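Colleague: The structure under discussion is supplied below as C-alpha cells; questions concerning it will follow.
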C-alpha cells in the first residue's frame, strides 16, 4: 500500500520539474503559463512540489560562476575527472612504473566515477527501495550498498556489501548481479535475494530463474537456479539446496522490518540483530550461545528480543561498558 | 488575492523549504519500521505547510514544520492496517528537531558551488551535457536542441531528470552549519524542555 505512494510522489515532483523547465524556457507561451496556473491550482501538493523544484532550479543558477571566460560553450565542462591518456610507454622502468600508477589512477577514477554508474547505499537500520531506469527494482536491507551500471547492452548491478532483493524487469539487455565471486544472470522478471557473508555470497531465487557462474573460470560450476533454490558461493566452493516458500519468506522478513527466527541459535540471532542496530548484543557466555529460538521480532527492537530471551531462558542481560547488551548465564 | 498567494509561497520558500534536510532526518525517525517512506512524509508535510493561510502568525517555522510532519507521520500510521505496539511506543520517544531559530549560518559559498558542480558531474553523460549548456551557459532549450541534434522534448526530459537529481541531492544537504551530533542536540533540547 504505502509503497505505491513513492511513485505517486515522484510523478508529482517530475511534473513540477517539467513546469519549472518549461516556464524558464524563453519560448514558453501564454497558453503554457495558463496550463501551469491550472495545474498548480489543483492542489497544495502541486504548489509545494513546484516551489521545491523551482528553488532548486534557481539555486543551480549559481553554476554559471563555473563558466570560464570567453570560450565557446563546452557541454562537457562538468564531466567527472578527466581520464589520463596513456601514451606510448617509455622504456625505462621508472617511466613504466609511472605509467602503471597512471593506469591505477584510471581504474580508481573509473570505479569512483558517477558518470556511468550510480551507487545506492543504506546506513545501519535503514532500508531503501530503488527503481532503476528500466523499471528493475532493488530493495536494500540494512548497511548495504549496490553499484548500478548500464553499459554496452548489459544491466550490471554489483552488491558491494549487505543484502538486497532484486526484481529484474524484462528487457533485451541481460540483468547481471555480481556479488563476491558469483556472477548471476537473471531472466527477465526473475526475483532473487543476495546476501554477502564473510567470505562469499548466498543467492536465493524467489521467482523465475537465474544462471550462475562464479568468476573463477571453473566453467563446470555453471548452473541454472530456479525458484525455490538457494545457493552459497564461498571459498569452500558452491552448494545449492531447495528451500520452501515459508523459509524464503522468513529470510525476507527484513522487508517488513522484522527478523523471523525458526530454530536459529542465540549466537545467530544476536548476530542478526547486530546487523540492524548500533547497540550491539554480545554473548559473554559460550554455554548459552547454542540455545535455540523461534519468534518474530522487530529489527530495531533488540531490547524486546533480549527481554523475550531473558524471560524464556536462564539468561541474564547486563549493560556492557561500551553500551552493548551483554548476555550471560543466570546462575 | 494573487499577491497574498505569492506572499504565502515566498514565506514557504524562505522559512520552510530550507528545513528540508532536518525534516528528512526527523522523518526517518518515524520510519524505522520501513512501512512508510520518509520522503513521502516530507512531501506531504510540505503540501500541508504551504496550505497554511495563517502563516503570518507563525513565530517559529521550524517548530511548525516539525508539528506538521509529526501529524503526517501519525496519519500514515493510522492508515496502516496492522498497528504494532512498538510502533506507537516509538512515536512517543521521538523528540522534535532543534527548533532554535537563527541557526541559519549559510555555508561558505565556494563549498556550495562545489556541491552544485558535484551534483551535475554525477549525471549521466548526455543529461549532464544538456544540463551544463542550460544552467552554466544559459542556452535556451531550442538552442541546445539545435546544437546537439535532439528534439526539444528530449532536451526537456534531460533537464527534468537533471533537476530532479540535483533537487534531491541538494535537499539532503544542509545549507546550515551541520550539528556535531544530531542525536545529542535533539536529546539536549528535550532535556532542557523537561526541566522548564
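Colleague: With respect to residue B:89, is the statement that it is assigned to a helix (DSSP H, G or I), surrounded by fewer than 17 Cβ atoms within 10 Å (Cβ to Cβ), at pLDDT 90 or above and more than 8 Å from chain A (Cβ to nearest Cβ) true? It would help to see each step written out before you state the result.
Modeller: Details: assigned to a helix (DSSP H, G or I): yes; surrounded by fewer than 17 Cβ atoms within 10 Å (Cβ to Cβ): yes; at pLDDT 90 or above: no; more than 8 Å from chain A (Cβ to nearest Cβ): yes.
So residue B:89 fails the test.
Colleague: Another one. For the range A:230-331, give me every one of the strands (runs of 3 or more DSSP E) that falls completely inside it and has 1 or more residues that are farther than 25 Å from residue A:125 by Cα, free of Cβ contacts under 8 Å to residues at least 12 places away in the same chain and in the same structural domain as residue A:204 (by TED's automatic domain parsing).
Modeller: Numbers: elements: A:237-242, A:258-265, A:281-283, A:292-298, A:315-319, A:325-329.
The qualifying strands (runs of 3 or more DSSP E) are A:237-242.
Colleague: Just one of A:96, A:85, A:72 is farther than 30 Å from residue B:145 by Cα, at pLDDT below 90 and part of a loop (DSSP other than H, G, I, E, B); which is it? Step through it out loud before you land on a result.
Modeller: Working: A:96 fails: part of a loop (DSSP other than H, G, I, E, B); A:72 fails: farther than 30 Å from residue B:145 by Cα.
Of the residues listed, the single one that is farther than 30 Å from residue B:145 by Cα, at pLDDT below 90 and part of a loop (DSSP other than H, G, I, E, B) is A:85.
Colleague: Would you mind stating whether residue B:47 is farther than 24 Å from residue A:143 by Cβ, touching a helix residue (DSSP H, G or I) at 6+ places or on another chain (Cβ under 7 Å) and either more than 10 Å from every other protein chain (Cβ to nearest Cβ) or outside any helix (DSSP H, G or I) (or both)?
Modeller: no
Colleague: Looking only at residues in the range A:58-69 that are part of a loop (DSSP other than H, G, I, E, B) and either more than 7 Å from chain B (Cβ to nearest Cβ) or touching a residue at least 12 places away in the same chain (Cβ under 8 Å) (or both), which one is farthest from the chain's Cα centre (by Cα)?
Modeller: The initial filter retains those residues of the range A:58-69 that are part of a loop (DSSP other than H, G, I, E, B), namely A:67-69.
Of the ones still in play, those that are also either more than 7 Å from chain B (Cβ to nearest Cβ) or touching a residue at least 12 places away in the same chain (Cβ under 8 Å) (or both) are A:68-69.
Numbers: A:68: 38, A:69: 41 Å.
Going through the qualifying residues, I end up with A:69.
A quick yes/no check of all residues on (1) at pLDDT 95 or above; (2) more than 27 Å from the chain's Cα centre (by Cα); (3) outside the structural domain of residue A:128 (by TED's automatic domain parsing); (4) not in a helix (DSSP H, G or I):
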residue: A:7; (1), (2), (3), (4): no, no, yes, no
residue: A:15; (1), (2), (3), (4): yes, no, yes, no
residue: A:20; (1), (2), (3), (4): yes, yes, yes, no
residue: A:27; (1), (2), (3), (4): no, yes, yes, yes
residue: A:36; (1), (2), (3), (4): yes, yes, yes, no
residue: A:48; (1), (2), (3), (4): yes, yes, yes, no
residue: A:56; (1), (2), (3), (4): no, no, yes, no
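Colleague: Next question. Of everything in the range A:123-152, what is in a loop (DSSP other than H, G, I, E, B) and in contact (Cβ under 8 Å) with a residue 60 or more places away in the chain? Give them in sequence order.
Modeller: A:124, A:125, A:127, A:141, A:142, A:143
Colleague: Still on this model: Being at pLDDT below 85, over 14 Å from residue A:25 (Cα atoms) and facing another protein chain (nearest Cβ under 10 Å): is that true of residue B:123 here?
Modeller: No; evaluated as a whole, the condition is false for this residue.
The values are calculated or read from the model by the stated rules, or taken from the named source; none is laboratory data. Since the structure is predicted, the reported quantities are computational estimates derived from the model, not experimental observations. With ideal geometry, Cβ positions are generated from the backbone for all residues, glycine too; neighbour counts draw on all protein chains shown.
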